[in-house]
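Data first, discussion second: the structure below is written as structure tokens.
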Amino acid sequence: MTHTDHLSATFAALADPTRRAILARLSRGEASVKELAKPFDISGPAISKHLKVLEQAGLIARGREAQWRPCRIEPGALKDVHDWLEHYRIFWDQSFDRLDVYLNELQAKDAGAKSRKRKS
């Protein structure tokens with residue numbers, strides 16, 4: 001899977017509020033499927049489907065420890081999203097910095113014009 005395809009799968013997985021809530025829960029530590037399903041009013045197969053989407057996107061991993069099948073967050077996929085977004089954060093920071101410079105120049109010109117007007 002290419003980097004872009006991986007990001008598409010990640011963003012598609014993150015588009016669902018239930019999956020985002022599952023990730024939020026897993027950010028506090030491992031949990032079983034039953035524990036993850038508890039706060040939602042959905043069926044077991046539906047929660048399993050959400051987990052499968054998260055797993056295919058690389059956002060979670062599922063383990064097997066005897067009878068317990070813990071799920072855990074995989075931070076690598078989120079780092080890829082962060083790295084992709086960082087480019088745009090830098091762009092917007094630079095754009096806002098240029099806007100600040102421009103506004104300061106306008107304010108300085110306005111203050112100078114007012115000062116000259118008072119002297120007249």
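The values are calculated or read from the model by the stated rules, or taken from the named source; none is laboratory data. Here the structure is a predicted model, which is why all the values come from computation and not from measurement. Every residue, glycine among them, receives a Cβ derived from its backbone with ideal geometry; neighbour counts consider all protein chains shown.
Numbers at a glance
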{"read-out": "Test result for residue 36, at pLDDT 95 or above and either among the aliphatic types (A, V, I, L, M) or not in a helix (DSSP H, G or I) (or both)", "value": "no"}
{"read-out": "Hits in the stretch 56-80 - residues which are free of Cβ contacts under 8 Å to residues at least 12 places away in the same chain and acidic (Asp, Glu)", "value": "65"}
{"read-out": "Residue in the stretch 31-41 that is in contact with a Phe, Trp or Tyr (Cβ under 9 Å, 6 or more places away or on another chain) and either more than 22 Å from residue 83 (Cα to Cα) or surrounded by 17 or more Cβ atoms within 10 Å (Cβ to Cβ) (or both) present", "value": "yes"}
{"read-out": "Candidates 25, 19 - the one that is closer than 16 Å to residue 56 by Cα and either small (Gly, Ala, Ser) or surrounded by 11 or more Cβ atoms within 10 Å (Cβ to Cβ) (or both)", "value": "19"}
{"read-out": "Members of the stretch 59-84 found to be in a helix (DSSP H, G or I) and either closer than 27 Å to residue 31 by Cβ or among the acidic types (Asp, Glu) (or both), listed by number", "value": "75, 76, 77, 78, 79, 80, 81, 82, 83"}
{"read-out": "Residue match in the stretch 20-30 (condition: assigned to a helix (DSSP H, G or I), in contact with a His (Cβ under 8 Å, 6 or more places away or on another chain) and farther than 21 Å from residue 6 by Cβ)", "value": "no"}
{"read-out": "Count - residues of the stretch 85-120 that are more than 29 Å from residue 5 (Cα to Cα) and assigned to a helix (DSSP H, G or I)", "value": "24"}
